[in-house]
Structures are given as structure tokens and as C-alpha cells.
């Protein structure tokens, strides 16, 4: 008969999220995880299969609790410009919130180009899904006449994602919320009217 789990899975995922966000995927060791979460390596493997398995759960939690909230609020806006504006200002607030490490967990974990293919696949899926949702929203905006006929919804989605990545990198290296807000304001000057 298996022994009952002696730790809370949700709390373990939250603790691992903080570590991966602070140190990146490659910079977070198994010893760091087990020490911080307070579980034995065998328990971590039993619960999550591997460090990469735990990271998949962390990405899911990060998206639902952080990035997803920004995206959901942005995608509900009435115009494509408001979608991008809400998304970028929301990212600024997320990336500079002092209750967690600065920047973006998924961008930070992508920086070292994690060697594990499984990890890269998860990060790539997250990026592509966000880009696709934006492109679909911009395509609908174009069909509604909110964007000009010559606008490229796919390119606009990439534009928004790339600006978001830049904000994440800048926040990680100490840019202030005010600096990043000015960057968003400047970038919106390039939005098609």
C-alpha cells in the first residue's frame, strides 16, 4: 500500500514557480527544488516524474495565475489597439510586481535554452498559443473594420509578443515600471490606424 503524500502538491508547485522564476530552468537544481519545497527527491519524482514534469506543472500554474489573467483581460477589449495596450500595460505591471521576481518566468526559462527538449516544447507551445490567440483576435478586428485591410494580423501578433518579451528582459535587468510604461506608449505609436 503506497504511503500518503506528506506534502501539498499545489504548495510545491507555487514554491517551484518562485524558484524557476528567480533562477531560470537551468539555474534551478533538483537540490534547490527539494530543499525549498521541503520534499525528498524520490517524492518529487513520484509526484512529478522529473524536474521537467514539475516545470510543465509550473508553466500551467504560471499561465493560469499570471500571464493568462493579463491575456484574458486584454482579449476582452473592444478594439485591437485596446487589446495590445491592455496586454502590454498588464505585462508591465506583472513584470514589475515586487511580490515575485521581476520579468517573465517563461522568458527567463527560455534564455538559457534549456537543453531538455521536453522543456523547450512546453515553452514553444505556450508562445505559439499566445501568438495564435492574438492573431485570431486581430483577424476578427480586421473583418469588423477595426484594423485596415492592409494590416497583417499575424505580424501584429508577433509585434505584441516581441514587445512583451522586451519588457520582460528590461524588467529583469532593473527597468522601472515608469520606464516600461514609456516604452509601451512609444511602441503604440507604430500601431496601424
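Readers should treat all values here as calculations from the given coordinates under stated rules, not as data from a laboratory. Because the structure is predicted, anything quoted here is derived from the model rather than measured. Cβ placement follows ideal geometry from the backbone for every residue including glycine, while neighbour counts extend to all protein chains displayed.
Some notes on this structure:
- Crossing angle, helix 177-188 versus the chain [Cα axis fit, 0-90 degrees, rounded to tens]: 40
- Folded to 0 to 90 degrees: helix 80-95 orientation relative to the chain principal axis, Cα: 30
- Label zone of residue 193 (point 7 Å out along Cα→Cβ, amide N under 17 Å): in segment 130-166 this covers 146-151.
- Extension gain, residue 140 to residue 179: 0.36 nm times the residue separation minus the Cα-Cα distance gives 10.8 nm.
- Among 74, 16, 40, the largest mean-square fluctuation in a Gaussian network model of the chain (Cα springs under 10 Å) belongs to 40.
- Listed by Cβ neighbour count within 10 Å, with the fewest neighbours leading, 193, 86, 173 appear as 193, 173, 86.
- Whole-angstrom Cα spans of segment 1-85 along principal axes, big to small: 55, 31, 16
- Gain on full stretching of the segment that runs from residue 127 to residue 100 - 0.36 nm per residue minus C-alpha separation: 7.6 nm
- Label of the coordinate-derived value, Rg and Dmax of the Cα atoms in Å, listed as (1) 24.2, 74; (2) 15.9, 45; (3) 18.6, 65: (3)
- Between helix 9-23 and the chain there is an angle of about 70 degrees, using the helix long axis and the longest principal axis of the Cα atoms.
- Taking 104, 109 and counting other C-beta atoms within 10 Å, the order from fewest to most: 104, 109
- Relative contact order %, the chain, counting alpha carbon pairs below 8 Å whose residues are six or more apart: 24
- Ranking of 45, 25, 89 by neighbouring Cβ atoms within 10 Å, starting from the fewest: 45, 89, 25.
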